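Notes follow the structure.
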Amino acid sequence: METSLEEKEVSLKYLISKHNIDDKSSKLNIKEIKTEKLLSVKLPDIPLPQFSGKYEEFSNFKSQFISLIEDNDGLSNTQKLYYLKSSLTGEAKLIQTTDDTYKSLLKALEDRYENKRAVVDSQILSLINLEKLNYESAEDLRKLLDTVKKNLRTLKTLEYERRNL
């Protein structure tokens, strides 16, 4: 009787282990198929963010550039410097550094354009200089509301609240 129970236990364990192996291999095949599908999809190239020297645009530029280029471990500092220089236009392209390295150029940009006071001033000027509405059209009201919300959101991220202005 004990032998019969032991044999059944062994055969049951064998069947369970065989099922687990088959189940694992099928999961692997599904993962391989999903990976192949992901690799076969051709996504459009992501263009480098551009920065022209506007204080209010620097924060977005910096976060996009860091996530696309700086956090990419496959790039050397020389390549990062090249990409940073090619992303700069207008006034920002004229920035001088003490040495020609990626870190020094990024630091020089941060020193100049992470000026909280200049960003706040530009946001407040933008609010003061809003275009006067000639008609109360839905499109014009939407543009006005979007502009006001954008400026207030920027001021809020800089820890300036409406009641403190």
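The values are calculated or read from the model by the stated rules, or taken from the named source; none is laboratory data. Nothing here was measured: the structure is a model prediction, and the numbers come from that model. Glycine gets a Cβ as well: all are built from the backbone with ideal geometry, and neighbour counts include every protein chain shown.
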Qualifying positions in segment 42-58 - part of a helix (DSSP H, G or I) and touching a strand residue (DSSP E or B) at 6+ places or on another chain (Cβ under 7 Å) = Glu57, Phe58
Considering Leu106, Leu81, which residue is at pLDDT 90 or above, within 26 Å of Arg153 (Cβ to Cβ) and not β-branched (Val, Ile, Thr)?
-> Leu106
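Residues Phe61, Phe65: which one is surrounded by 10 or more Cβ atoms within 10 Å (Cβ to Cβ), in contact with a strand residue (DSSP E or B) (Cβ under 6 Å, 6 or more places away or on another chain) and either modelled with pLDDT of 75 or more or part of a helix (DSSP H, G or I) (or both)?
Phe61
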Would you be able to say whether some residue in segment 69-77 is modelled with pLDDT under 70 and among the acidic types (Asp, Glu)?
-> no
In segment 70-91, anything part of a helix (DSSP H, G or I) and aliphatic (A, V, I, L, M) is listed as Leu81, Leu84
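Can you tell which of Leu15, Leu48 is modelled with pLDDT of 85 or more, surrounded by 10 or more Cβ atoms within 10 Å (Cβ to Cβ) and not aromatic (Phe, Trp, Tyr)? So that I can check it myself, show each step before the final result.
Working: Leu15 fails: modelled with pLDDT of 85 or more.
After ruling out the rest, the residue left standing is Leu48.
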If you take the residues in segment 94-120 that are without any contact (Cβ under 8 Å) to a residue 12 or more places away in the chain and of a type in the set (D, E, K, R), which one is surrounded by the fewest Cβ atoms within 10 Å (Cβ to Cβ)?
-> Asp99
